[in-house]
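Undergrad: Structure incoming, see below.
The values are calculated or read from the model by the stated rules, or taken from the named source; none is laboratory data. Source: prediction; values computed, not measured. We place every Cβ from the backbone using ideal geometry, glycine too, and count neighbours over all the protein chains shown.
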Amino acid sequence: MNALTDTVKASSANAATAAGQGRAVLAAYRRRVRWRVGALVLLGALCVAAFVLDIMTGPSTLSPGEVVAGLLSPDGVSNAQRTIIWNVRLPYALMALLVGAALSLAGAEMQAILNNPLASPFTLGVSSAASFGAALAIVLGISLPFLPREWMVSLNAFGFALGSVMLLQLMARLRSTSVETMVLLGIALVFVFNALVAFVQFASSQAALQQLVFWSMGSLSRANGQNVSVLAVVLALVAPFSLAAAGKLTALRLGEDRARSFGINVGRLRFFALLRVSLLAATSVAFVGTIGFIGLVGPHIARLMLGEDHRFLLPASLLTGALVMSLASTVSKVLVPGVMLPVGIVTSIIGVPVFLLLIFWRPGGAS
Amino acid sequence: MSDVGNKAGLAIQRFSTGYRKRAIVKSVSLPLLERGGVYSLIGPNAAGKSTLMRALAGLQSASGLVTLDGHELVGQPLAEWAKRVTYMPQSLPQGVSLNVLESVISALRATPMEGLDSSDAVKTYAVEVLQRVGIVELALRNLGELSGGQRQLVSLAQVLARRPQVLLLDEPISALDLKHQLSVMRLVHELARERSMIVLVVLHDLNVAARWSDGIVMLSHGELAAYGTPAEAITPATLAQVYGVKARIEQCARGTLQVMIDDLAEA
């Protein structure tokens, strides 16, 4: 591998300068990597802080000390506090972190494989498909005999979300569709499913309509130990595969032909990335309804902070998504005193200004 | 297997490729391209140069024979091509938040490469490549901040770093100033000899092609229009026929060919 070094044609003085220059570049690069690791640790710490803040917030405010004590040694706090922390706020707070992490990671992968910064589970129809699935379950009351009705809504939402990604996948495979076409198909799916949801709403009863509207707002209120565990398991299973593909995803950013010529099977990479996206997005949406902008804003913040080396971008997206969602969950409890707003409303209210800020404030003015 | 199939080098015979049902490159056969040689692929717009290059990199399906040192490549999976042949597309995508060094490192890490087992080896080698291409001072600049010419040099560094046995360069100097055109062609020429690598390069400037090539492949409407040394392939007759221009070919005082275009060829 030193075929290049020993042929540097220069006087010994120049060679020494070149070696020094090389060392300086490597040192600077290593500093940058250390900074990125530090940024990931910082994001992790902020997530923990936001998580504690989320548990503190509510009709009866707890102190940070009480929350930490209540979580680490439940016997050390009063019965009432223990119940509030463990039974009421912990599932919500965990669900917020997990949903944020899952949607943001899904968005980051989608943006990489579709080469489009606007791609996210929300903008490409996954969430809309889930809404339609949930709407069918709620309004038509379809239910398998051995499943509680609440699970049926989630399962149906999951099925439709998974189906919509598979449909995208299928169309892409069918006639080697370009990436741009896939994005357009995704957008078309948003409109189709939104129209179908509207149709179901139009045809549904008053009671079902209310439930449906609430579902489509996106809310953490259905969080419980079971579905939090399911989402945690899905995230824990999928994330390592995402990280394992990080090197290939980064190389794909250099252009599809180039990446393929480097030996990457781009079709396969895309297929498995979309599979991961569909699992993450479908599971999240099935439990909390449609939550917009996290899948878009999380990866954008991560990219601005750390660039597009996906070994850092993917974990950073996961953390920024968790952080923003956790903060949104806190805000949803304090925005209107005494009322817990559906968190989906808050993410969009927070998400849009953040998004606009990111669009207009670009470091270096790069396009 | 053909008679040239077992010699060291790249043999291309009856090679055809295209999109869906439209044939773009039609049964191109070339004499053996030898290791260490620089070959220019020239021809007017839409002659099929890029399509031929992509197909030779295994990026699209093709028929015919392509053998490297006797190994048949047509019909092999992409991974087999990628081990031996690397293609440099005309451009790098816009709006990528990677710096120059990272982009070369990610090219090295895309799939495992021999002799680059440790993370340190990868980084050190990436810096060496940047030094060799002469852009080490750009190492920590973001790709988005670079000029078109600088991006082209980074693009070249990425493919050189892969150390292929066959390097396919699609218009590598189109955005470069005179000095950088010279230094890139000289570097490519040197590396071809050093690594005994076969370089096939798409060029528009016939004077550059004439000066740096061991052989010229002239393509017209997807078919081979002329092949040979620069003096054999670039003639007033082929230029009139393929490019539709009236040209003079003269030798300058130093012996290299100079192509001068005087007018459109008479129909």
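Undergrad: Are any residues in segment A:276-313 under 19 Å from residue A:235 (Cα atoms), within 14 Å of chain B (Cβ to nearest Cβ) and surrounded by 24 or more Cβ atoms within 10 Å (Cβ to Cβ), and if so, which ones?
TA: Answer for segment A:276-313, where residues must be under 19 Å from residue A:235 (Cα atoms), within 14 Å of chain B (Cβ to nearest Cβ) and surrounded by 24 or more Cβ atoms within 10 Å (Cβ to Cβ): A:299, A:302, A:310, A:313.
Undergrad: Which one is nearest to the other protein chains (Cβ to nearest Cβ), of the residues in segment B:98-113 that are farther than 23 Å from residue A:24 by Cβ and surrounded by 20 or more Cβ atoms within 10 Å (Cβ to Cβ)? Spell out how you get there, then give the answer.
TA: At the first step, the residues of segment B:98-113 found to be farther than 23 Å from residue A:24 by Cβ are B:110-113.
Okay, now just the ones that are also surrounded by 20 or more Cβ atoms within 10 Å (Cβ to Cβ), so B:110, B:113.
Working: B:110: 4, B:113: 9 Å.
Applying the filter and picking the extreme gives B:110.
Undergrad: Next question. When residues of segment B:216-230 are filtered for being within 14 Å of residue B:28 (Cβ to Cβ) and of a type outside the set (A, V, I, L, M, F, W, C), how many remain?
TA: Residues meeting the conditions: 5.
Undergrad: Does segment B:83-97 hold any residues that are modelled with pLDDT of 95 or more and aliphatic (A, V, I, L, M), and which are they?
TA: Those that are modelled with pLDDT of 95 or more and aliphatic (A, V, I, L, M): B:85, B:88.
Undergrad: Look through B:114, B:137 and report the one residue that is part of a loop (DSSP other than H, G, I, E, B) and either free of Cβ contacts under 8 Å to residues at least 24 places away in the same chain or closer than 19 Å to residue A:262 by Cα (or both). Working first, answer last.
TA: Working: B:137 fails: part of a loop (DSSP other than H, G, I, E, B).
Unique residue meeting the criteria: B:114.
Undergrad: Continuing with this model, one more query. Restricting the search to segment B:243-266, which residues are surrounded by 19 or more Cβ atoms within 10 Å (Cβ to Cβ) and more than 20 Å from residue B:173 (Cβ to Cβ)?
TA: Scanning segment B:243-266 gives a single hit, B:247.
Undergrad: Only one residue in A:322, A:316, A:328 is under 28 Å from residue A:225 (Cα atoms), crowded, with 21+ Cβ neighbours inside 10 Å, in contact (Cβ under 8 Å) with a residue 60 or more places away in the chain and within 14 Å of chain B (Cβ to nearest Cβ), so which one is that? Full working, then the answer.
TA: Details: A:322 fails: within 14 Å of chain B (Cβ to nearest Cβ); A:328 fails: within 14 Å of chain B (Cβ to nearest Cβ).
A:316 is the lone residue from the list that is under 28 Å from residue A:225 (Cα atoms), crowded, with 21+ Cβ neighbours inside 10 Å, in contact (Cβ under 8 Å) with a residue 60 or more places away in the chain and within 14 Å of chain B (Cβ to nearest Cβ).
Undergrad: Quick check: is even one residue across segment A:174-184 among the hydroxyl-bearing types (Ser, Thr, Tyr) and in a helix (DSSP H, G or I)?
TA: Our first condition is that a residue be among the hydroxyl-bearing types (Ser, Thr, Tyr); within segment A:174-184, this holds for A:176-178, A:181.
Okay, now just the ones that are also in a helix (DSSP H, G or I), so A:181.
Yes, there is a match, as at least one residue in segment A:174-184 is among the hydroxyl-bearing types (Ser, Thr, Tyr) and in a helix (DSSP H, G or I).
Undergrad: Can you name the residue in segment B:190-199 that is touching a helix residue (DSSP H, G or I) at 6+ places or on another chain (Cβ under 9 Å) and farther than 19 Å from residue B:53 by Cα and, of all such residues, is surrounded by the fewest Cβ atoms within 10 Å (Cβ to Cβ)?
TA: Filtering segment B:190-199 down to residues touching a helix residue (DSSP H, G or I) at 6+ places or on another chain (Cβ under 9 Å) leaves B:190-191, B:194, B:197-199.
Still in the list and also farther than 19 Å from residue B:53 by Cα: B:190-191, B:194.
On the way: B:190: 14, B:191: 22, B:194: 12.
Per the criteria, the residue is B:194.
Undergrad: Residues that are surrounded by 23 or more Cβ atoms within 10 Å (Cβ to Cβ), farther than 26 Å from residue A:111 by Cα and either touching a residue at least 40 places away in the same chain (Cβ under 8 Å) or not β-branched (Val, Ile, Thr) (or both): does segment B:69-83 have at least one?
TA: Restricting attention to segment B:69-83, the residues satisfying the condition of being surrounded by 23 or more Cβ atoms within 10 Å (Cβ to Cβ) are B:81-82.
Subset that is farther than 26 Å from residue A:111 by Cα: B:81.
Checking the rest, the ones that are also either touching a residue at least 40 places away in the same chain (Cβ under 8 Å) or not β-branched (Val, Ile, Thr) (or both) come to B:81.
Yes, segment B:69-83 contains a residue that is surrounded by 23 or more Cβ atoms within 10 Å (Cβ to Cβ), farther than 26 Å from residue A:111 by Cα and either touching a residue at least 40 places away in the same chain (Cβ under 8 Å) or not β-branched (Val, Ile, Thr) (or both).
Undergrad: Output the residues belonging to segment A:80-135 that are outside any helix (DSSP H, G or I) and either among the polar types (S, T, N, Q) or buried (at least 24 other Cβ atoms within 10 Å of the Cβ) (or both).
TA: Listed by number, the residues that qualify are A:115, A:116, A:119, A:120, A:121, A:122, A:123, A:124, A:125.
Undergrad: I've got another one for you. When you go through A:205, A:229, A:221 one by one, which is the residue that is surrounded by fewer than 16 Cβ atoms within 10 Å (Cβ to Cβ), without any contact (Cβ under 8 Å) to a residue 40 or more places away in the chain and among the hydroxyl-bearing types (Ser, Thr, Tyr)?
TA: Values: A:205 fails: without any contact (Cβ under 8 Å) to a residue 40 or more places away in the chain; A:221 fails: without any contact (Cβ under 8 Å) to a residue 40 or more places away in the chain.
Selected residue: A:229, the only one of A:205, A:229, A:221 that is surrounded by fewer than 16 Cβ atoms within 10 Å (Cβ to Cβ), without any contact (Cβ under 8 Å) to a residue 40 or more places away in the chain and among the hydroxyl-bearing types (Ser, Thr, Tyr).
Undergrad: Oh, and also: Give the residues of segment B:135-151 that are more than 8 Å from every other protein chain (Cβ to nearest Cβ) and in contact with a strand residue (DSSP E or B) (Cβ under 9 Å, 6 or more places away or on another chain), sorted by residue number.
TA: Of segment B:135-151, the ones more than 8 Å from every other protein chain (Cβ to nearest Cβ) are B:135, B:138, B:141, B:143, B:146-151.
Hits for segment B:135-151 are B:138, B:141, B:143.
Undergrad: Residue B:45 is checked against (1) at the interface with chain A (Cβ under 7 Å from one of its Cβ atoms); (2) assigned to a loop (DSSP other than H, G, I, E, B) and fails just one. What number does that condition carry?
TA: (1)
Undergrad: Another question, if that's okay. Name every residue in segment B:59-96 that is more than 14 Å from chain A (Cβ to nearest Cβ), in contact with a strand residue (DSSP E or B) (Cβ under 6 Å, 6 or more places away or on another chain) and in a loop (DSSP other than H, G, I, E, B), in order of residue number.
TA: Applying the first criterion (more than 14 Å from chain A (Cβ to nearest Cβ)) to segment B:59-96 yields B:62-72, B:74-75.
Narrowing the set further to residues that are in contact with a strand residue (DSSP E or B) (Cβ under 6 Å, 6 or more places away or on another chain) leaves B:62-68, B:74.
Answer for segment B:59-96, where residues must be more than 14 Å from chain A (Cβ to nearest Cβ), in contact with a strand residue (DSSP E or B) (Cβ under 6 Å, 6 or more places away or on another chain) and in a loop (DSSP other than H, G, I, E, B): just B:74.
Undergrad: Same structure, new question: Among the residues of segment B:117-134 satisfying the criterion of being within 23 Å of the chain's Cα centre (by Cα) and either assigned to a loop (DSSP other than H, G, I, E, B) or more than 7 Å from chain A (Cβ to nearest Cβ) (or both), which is surrounded by the fewest Cβ atoms within 10 Å (Cβ to Cβ)?
TA: B:134
Undergrad: Given the conditions (1) buried (at least 23 other Cβ atoms within 10 Å of the Cβ); (2) facing chain B (nearest Cβ under 7 Å), which single one is not true for residue A:247?
TA: (1)
Undergrad: Continuing with this model, one more query. Of all residues in segment B:166-191, which are under 12 Å from the mean Cα position of the chain (by Cα) and of a type outside the set (A, V, I, L, M, F, W, C)?
TA: Answer for segment B:166-191, where residues must be under 12 Å from the mean Cα position of the chain (by Cα) and of a type outside the set (A, V, I, L, M, F, W, C): B:170, B:171, B:172, B:189.
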